[in-house]
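Read the structure below first, then the notes.
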Amino acid sequence: MTRPTSSPPAVGGLLRDWRRRRRLSQLDLALEAQVSTRHLSFVETGRAKPSAEMVLRLAEQLDLPLRERNELLLAAGYAPAYGSRDLDEPVMDSVRDALERLLAGHEPYPALAVDRHWGMVAANRAVALLTAGVAAHLLEPPVNVLRLALHPEGLAPRIANFPQWRAHLLERLGRQAVRSGDPALAALHDELAAYPAGGAAPASDPDAAEIAVPLRVRHGEHELTFISTVTTFGTAVDITVSELSIESFFPADATTAALLRAASAAAGG
């Protein structure tokens, strides 16, 4: 007996879904992509087949990740435009070198590189200060840094402003899941949201001077306070590279900076 097979998604339906996710009308997208509203309507309803150039133009205006642009091209019957290589391939030597330089150059402050699902790709030596004392199973590859941060056996018990930091991470992950349409991110959000909340998040943190959500971590008798930045490869045309991001933590006060420098010196850094 032949089992029915599901047909691949039509490019028109995918484009319509992405346009709605971006909260754009057909007129908005047509104007930005410099096409007629009528033609865009025909593409979305399947009455017209877009060229590969048109697919990429619409994907650009919709600000789609490279992986999703390939999916649109495949749905329209075209070959993918963007490659995806493993980081351990020789052709990625320059990328690995850049990551190593960025992470090492940030010491004695913590920094790590993550993939699109928040899997830790690389980290500098200072990250060990944050992961000290967490359960061993959370450090087994592949390490998910959000799970590591919010799990009750992870960093969570040491985060002094845990309700605030938890709310920040869940909001960020939720936006990413909605914007990307990635079911794996949505599932991760549901998992992390089910972890103990640790109380209600405060509306603001006066110590952070309203400039950023701080990460405040207990370390022995001290409390380390960080603000973080995110760095990406802005000109990437490889899917793997485009999905990498570097989370860098900077000391938010002089005490934290001094403690990190002292810890690095004691470790021979």
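The values are calculated or read from the model by the stated rules, or taken from the named source; none is laboratory data. Bear in mind that the values here come from a model prediction, so they are computed numbers and not experimental data. Cβ atoms come from the backbone with ideal geometry, glycine included; neighbour counts cover every protein chain shown.
Taking the range 158-183 on its own, how many of its residues are among the acidic types (Asp, Glu) and surrounded by fewer than 16 Cβ atoms within 10 Å (Cβ to Cβ)?
So the answer is 1.
For the range 88-97, indicate whether the set of residues that are over 18 Å from the mean Cα position of the chain (by Cα) and either in a loop (DSSP other than H, G, I, E, B) or within 22 Å of Ser264 (Cβ to Cβ) (or both) is non-empty.
yes
Looking at the range 1-65, what helices (runs of 4 or more DSSP H) fall wholly within it and have at least 3 residues that are at pLDDT 95 or above and either in contact with a strand residue (DSSP E or B) (Cβ under 7 Å, 6 or more places away or on another chain) or farther than 23 Å from Val178 by Cα (or both)?
Passing ranges, in order: 37-45, 52-61.
Condition first: in contact with a Leu (Cβ under 9 Å, 6 or more places away or on another chain), polar (S, T, N, Q) and surrounded by fewer than 19 Cβ atoms within 10 Å (Cβ to Cβ). Now tell me which residues in the range 226-263 satisfy that.
Ser228, Thr231, Thr232, Thr255
With the condition kept exactly as written, say whether any residue in the range 70-82 is at pLDDT below 95, outside the structural domain of Leu224 (by TED's automatic domain parsing), surrounded by 12 or more Cβ atoms within 10 Å (Cβ to Cβ) and in a helix (DSSP H, G or I).
Within the range 70-82 (the criterion being at pLDDT below 95, outside the structural domain of Leu224 (by TED's automatic domain parsing), surrounded by 12 or more Cβ atoms within 10 Å (Cβ to Cβ) and in a helix (DSSP H, G or I)), the answer is no, since none of the residues qualifies.
Out of Val121, Val114, Val91, I need the residue that is within 21 Å of Thr232 (Cα to Cα) and exposed (fewer than 15 other Cβ atoms within 10 Å of the Cβ). Which one?
Val91
Determine which member of the set Ala104, Ala75, Ala113 is in contact with a strand residue (DSSP E or B) (Cβ under 8 Å, 6 or more places away or on another chain) and of a type in the set (Gly, Ala, Ser).
Ala113
Of everything in the range 32-47, what is of a type in the set (Gly, Ala, Ser) and surrounded by 15 or more Cβ atoms within 10 Å (Cβ to Cβ)? Give them in sequence order.
Across the range 32-47, the qualifying residues are Ala33, Ser41.
Hey, can you tell me all the residues within the range 210-225 that are in contact (Cβ under 8 Å) with a residue 12 or more places away in the chain and either crowded, with 16+ Cβ neighbours inside 10 Å or farther than 19 Å from Val127 by Cα (or both)?
Correct list: Ile211, Ala212, Val213, Pro214, Leu215, Arg216, Val217, His219, Glu223, Leu224, Thr225.
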